[in-house]
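Participant: Below you'll find the structure I mean.
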Amino acid sequence: MPELPEVETTRRGLTPAMAGKAIFRVVLNREDLRFPIQADFKVRVAGRTVERIDRRAKYLLLRLSGGDVLVAHLGMSGSFRVENREPAPPTAVLHRKIPRLKAHDHVVFEMSDGTRVIYNDPRRFGFMFAVASEELDRHPRMRGIGLEPLEPKIAPAALARLFNGAGASLKAALLDQKRVAGLGNIYVCEALHRAGLSPARAAATISGPDRHGRDARRRLADAIVEVLTDAIDAGGSSLRDFSGADGKPGYFQHSFRVYDREGAACPKRGCAGTIERVIQAGRSTYYCPVCQR
DNA sequence: CGCATCCCCTGCCTGC
DNA sequence: TGCAGGCAGGGGATGC
């Protein structure tokens, strides 16, 4: 589920629960997620203070005291949730309730103030590791990640450079994390619809302003920024059970214009098209064949 | 090198 | 109701 807006939502939810606090203990309920967890993971993380939480592409970066960074990727089904310590009722001091763990709660971070931060991931496509901060950019999983589309907002010229010489379709090119970082299947479909561009069109063919003033590069750059910004403002998309670390579901799924809407009328004003679904690069693409050219 | 295909894993939904 | 098959937000490995 998590694309850039969901990861950003998670970052914002985790920050008040973790930033400025020490990680008292780490519990690993299994030794493998997508990859085996490194042998010294617990030692590197436990006892450290989380100084700040950043995001790069779809990665969460927990900056730890002592110089390491805890890097976490949510894969397809990963999520964090925060459980605050419940105040002990005066009549049952010895029976403070600690909520039981749920299925697929693979990693538990016990914070020094009693808060628990729990990583849950049914499909285990997510992963996490600790790395020295000065080695972060050289790490194999981080090296080569492309341009962040927000802050600063991606520019049409940058998009053109990224697509220069690309033989891939717009859909595949935008999904490629080495070009633009953070888009996934949903937001690529949504951005292409907002931009009025066909997902099958070769990425290298989108051009700058023509004599009619039409500028596909600018429309696409603007659409990417808009859809990501709108989605972050909505707390991300909750398709099955995604929720931010604060437990609140996002609601951007109600604003999808094409994703998972096969057979529906194209929502673009004045367009009489019907949303279609095709497979590109092994994944579903939703688009309007009438207004996306 | 760029690109397509298959695969990792579990759960949920559909159709028979 | 049970069961098989398809599909799912990501991305790594492989092969052309």
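Every read-out reported here was derived from the displayed coordinates using simple, explicitly stated rules and does not represent laboratory data. A quick note: this is a predicted structure, and the numbers were derived from the prediction, not measured. Methodologically, a virtual Cβ is constructed for each residue, glycine included, from the backbone with ideal geometry; neighbour enumeration extends over all protein chains shown.
Participant: Of all residues in segment A:242-276, how many are within 16 Å of DNA strand C (Cβ to nearest atom) and in contact with a strand residue (DSSP E or B) (Cβ under 8 Å, 6 or more places away or on another chain)? So that I can check it myself, show each step before the final result.
Facilitator: As a first pass, look at segment A:242-276 and keep what is within 16 Å of DNA strand C (Cβ to nearest atom): A:242-264, A:275-276.
Those left that are additionally in contact with a strand residue (DSSP E or B) (Cβ under 8 Å, 6 or more places away or on another chain): A:242-243, A:245-247, A:258-264, A:275-276.
Here the count works out to 14.
Participant: Identify, by number, the condition in (1) over 19 Å from residue A:226 (Cα atoms); (2) crowded, with 20+ Cβ neighbours inside 10 Å; (3) more than 16 Å from DNA strand B (Cβ to nearest atom) that residue A:195 doesn't meet.
Facilitator: Going through (1) over 19 Å from residue A:226 (Cα atoms); (2) crowded, with 20+ Cβ neighbours inside 10 Å; (3) more than 16 Å from DNA strand B (Cβ to nearest atom) one by one, residue A:195 breaks only (1).
Participant: Something else now. Hey, could you check segment A:95-136 for residues that are surrounded by fewer than 17 Cβ atoms within 10 Å (Cβ to Cβ) and of a type in the set (Lys, Arg) and say which is farthest from residue A:247 (Cα to Cα)?
Facilitator: A:96
Participant: Which pairs turn up if I take residues in segment A:225-248 that are more than 21 Å from residue A:84 (Cβ to Cβ) and in contact (Cβ under 8 Å) with a residue 60 or more places away in the chain and look for partners that are assigned to a loop (DSSP other than H, G, I, E, B) and among the polar types (S, T, N, Q) with beta carbon separation below 9 Å, at least 6 apart in sequence or on another chain?
Facilitator: A:231/A:237; A:236/A:243; A:240/A:77
Participant: Give A:217, A:269, A:261, A:240 a once-over and let me know the one that is basic (Lys, Arg) and not in a loop (DSSP other than H, G, I, E, B).
Facilitator: Being basic (Lys, Arg) and not in a loop (DSSP other than H, G, I, E, B) holds for just one of A:217, A:269, A:261, A:240, which is A:217.
Participant: Looking only at residues that are touching a helix residue (DSSP H, G or I) at 6+ places or on another chain (Cβ under 7 Å) and in a loop (DSSP other than H, G, I, E, B) in segment A:58-90, which one is nearest to DNA strand C (Cβ to nearest atom)?
Facilitator: Checking each candidate, the answer is A:58.
Participant: Consider segment A:1-55. How many of its residues are in contact (Cβ under 8 Å) with a residue 12 or more places away in the chain and in a loop (DSSP other than H, G, I, E, B)?
Facilitator: 17
Participant: How about segment A:145-182: which of its residues are crowded, with 16+ Cβ neighbours inside 10 Å, within 9 Å of DNA strand B (Cβ to nearest atom) and among the small types (Gly, Ala, Ser)?
Facilitator: Selection gives A:166, A:168, A:169, A:172, A:173.
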